[in-house]
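Asker: Quick one: the structure is below, and I'll ask about it shortly.
Derivation of every value follows stated rules applied to the coordinates shown; laboratory data play no part. A quick note: this is a predicted structure, and the numbers were derived from the prediction, not measured. Using ideal geometry, Cβ is built from the backbone for each residue, glycine included, and neighbour counts are taken over all protein chains shown.
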Amino acid sequence: MNLYAIVLAIIVLTLLGVSVGRLRTVKTKADYLVAGRSLPAFVLVFTLLSSWIGSGSLLGGAENAYRNGFVALWQGAGGWAGLLLIYFIAPRARKFAQFTIPDLLEARYNQTARVLGVIAILFTYTAITSYQIIGGGDILHLIFPDVVSPDLGKYILAAFVIVFTAIAGMGSVAYMDVAIGLLATFALLVAVPVLSHKAGGWGHVVASLPASHFTVFGGQPVVVSIELFLPTVLLLLGNQSMYQKFFSAKTERAASLAVVWWLVGTVILETVIVVLAIIGSSLFPTGEVAERPREILAYLGMHGFSGSFSMQLLGAVLMGAIFAKIVSTANNYLFSPATNLVNDVYVRYIQPEASNKRILIVSRLMVVFLGLWALWQSLHTDSVLKKALYAYTIYAAALTPVILAAFFWKRATAAGAVSSIFAGTFITIFWDTPFIHHTVPAVISDRDAIFPALLASLLCLWVVSMATKAPSGKQLAPFLEETTEAASR
């Protein structure tokens, strides 16, 4: 047990050291919010990878894989499909070079779209942060079961995340992600052959589990797989945290190059996570982890590496890597909405002439406020997978359609965007309520909100846009022209 505590302490102190080390570079709003637009491709790759693979994959995806097998890859595949499309968006986003998605919404549409975008992002990103807090709390409870309860673990993890995020902003988050990404990649890749051997080889794993674990649909209806795939691909396509990283890139080329390696890393790591959870299902089919399968990867780190000191050390490193990845994702999704409250509300409407010093103070206060809101949500959440799909669906239905339309559909209008954002947000938030279940047929209301919310959002965007005056050429110019680098070739 001491070994796990020592490894965890080393990781936490290293992350704190990176964060404090970046503090001296933060002097302006741009330094804090987009790292002075100075991130090279190497740093971008790891910060994008670390922000994407968090508790949604390490807990929610692993839980699904433990129970159902390779069908869990449908959630990851949504991200892979999104990344293929993002390759063409990244240089345009870097060319636009603002601070947040609501900046983009106002430039392309209007102020109302900006405000509604802020609301959708706040609900989505604090929900995502909340289940990172759950995951970190679970790990602390596993390491210190007699001292730290799951709820106390959530409070401790929330404090870590708030402090790390508030110190140095995007620069802190991005450079911490490099260290975390390297550690997690090593630990996850090494764990697969070691644990497979411990389980008696892959052939024994296959023989010990139902055949449905090794098919892409897992014996479930296609619509269930689509409900995993669609929210994920749409979240990724419109993900503000991702766009902020592109806004932080040194060049348009760096943004494009980062996407290529981000795709490679995501395919590898999310597949490895599913494979590890399946091996875990073979090694530990019953007992404590069968009742809380979201903890399977951390449980493997604690109980799957018994034997020599080197085996125990590898288990401790795997546990520490999972913890660090969760902290990293929480940092990213807490920092992102804080920039919205500062850039899109405080600076835009309350104090436009605020000094850099005041903006930095307010930014850090917003990180604390949103961190406490996320903590409150974590204390009232039972299923990480369900919470993840709820968060993904808000963003997928409310924001992704209008973000993509900003770059690729000239006819999209401000009125169409406003109605689309409102419809997607409203339907998702109120879908799982008694009113919906009493008024909508069960065959529809029992399904995930992604289908009705996305359909309503797309219909509003198209119908209202076609019924209103087309946007001016001036509004379209920043979004539909060639990138600066392409034009210079």
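Asker: Suppose the chain between Ile444 and Met466 were pulled fully straight at 0.36 nm per residue; how much longer would it get relative to their current alpha carbon spacing?
Answerer: Fully extending the segment from Ile444 to Met466 adds 5.1 nm.
Asker: Express the relative contact order of the stretch 340-421 as a whole percentage, based on alpha carbon pairs under 8 Å and six or more residues apart in sequence.
Answerer: On the way: 21 pairs, mean separation 15.7, N = 82.
Normalised by residue count, the contact order of the stretch 340-421 is 19 percent.
Asker: What fraction, in whole percent, of alpha-carbon pairs in the stretch 265-395 exceed 27 Å separation? Before the final figure, lay out the partial values.
Answerer: Details: 3415 of 8515 pairs.
When all Cα pairs of the stretch 265-395 are counted, 40 percent exceed 27 Å.
Asker: Sticking with this structure for a sec: Could you tell me which of the pairs Lys410/Lys474; Lys154/Lys387; Lys154/Lys198; Lys154/Lys386; Lys325/Lys357 are separated by over 21 angstrom between their Cα atoms in the structure shown? List each step's numbers first, then the result.
Answerer: Details: Lys410/Lys474 12 Å; Lys154/Lys387 16 Å; Lys154/Lys198 32 Å; Lys154/Lys386 18 Å; Lys325/Lys357 31 Å.
Violating the 21 Å limit, Cα to Cα: Lys154/Lys198; Lys325/Lys357.
Asker: In what order do Asp177, Asp446, Asp103, Asp432 fall by count of nearby beta-carbon atoms within 10 Å, going from fewest to most?
Answerer: Details: Asp177 29, Asp446 9, Asp103 21, Asp432 13.
If I rank by nearby Cβ atoms, fewest first, I get Asp446, Asp432, Asp103, Asp177.
Asker: Quick check for you: which residues of the stretch 403-419 have the amide N under 11 Å from the point 7 Å beyond the Cα of Thr112 toward its beta carbon?
Answerer: Taking a point 7 Å out along Cα→Cβ of Thr112, the residues of the stretch 403-419 whose backbone N falls under 11 Å are 414-419.
Asker: Report ³J(HN,Hα) in whole Hz for each residue of the stretch 114-126, in order, from the Karplus equation J = 6.51 cos²θ - 1.76 cosθ + 1.60 where θ = phi - 60°; Gly and Pro get x.
Answerer: Ordered by residue, 3J(HN,Hα) equals 4, 5, 5, x, 4, 4, 4, 5, 4, 5, 5, 6, 5 Hz.
Asker: Answer with one residue from Pro441, Ala398, Thr381: the one whose Cα lies farthest towards the positive end of the charge dipole of the stretch 368-489, charges on Cβ with Lys, Arg +1 and Asp, Glu -1.
Answerer: Of the options given, the answer is Ala398.
Asker: For the stretch 289-296, in order, what is each residue's ³J(HN,Hα) by Karplus, 6.51 cos²θ - 1.76 cosθ + 1.60 with θ = phi - 60°, in whole Hz (x at glycine and Pro)?
Answerer: In residue order, the calculated couplings are 6, 5, 7, 10, x, 5, 8, 4 Hz.
Asker: Separate question: Using the beta-carbon distance between Arg253 and Glu288 and R0 = 30 Å, what value does 1/(1 + (r/R0)^6) give for FRET efficiency, to the nearest 0.05? Don't jump to the answer; show the numbers that get you there.
Answerer: On the way: r = 49 Å, r/R0 = 1.65.
E between Arg253 and Glu288, to the nearest 0.05, is 0.05.
Asker: Now for a separate question. Give the peptides 118-131, 193-206, 276-289 in descending order of average Cβ contacts within 10 Å, highest first.
Answerer: On the way: 118-131: 25.1, 193-206: 15.4, 276-289: 19.6.
Ranking, from highest mean packing down: 118-131, 276-289, 193-206.
Asker: A further question on this structure: Mind listing the phi-derived Karplus ³J(HN,Hα) values for the stretch 265-280, rounded to whole Hz, using 6.51, -1.76 and 1.60 with θ = phi - 60°, and x for any glycine or proline?
Answerer: Ordered by residue, 3J(HN,Hα) equals x, 5, 4, 5, 5, 5, 5, 4, 4, 5, 4, 4, 5, 5, 4, x Hz.
Asker: Sticking with this structure for a sec: Starting with the fewest neighbours, write out Thr271, Thr428 ranked by other beta-carbon atoms found within 10 Å of each beta-carbon. Mind showing how you got there, number by number?
Answerer: Numbers: Thr271 16, Thr428 30.
With the sparsest Cβ surroundings first, the list reads Thr271, Thr428.
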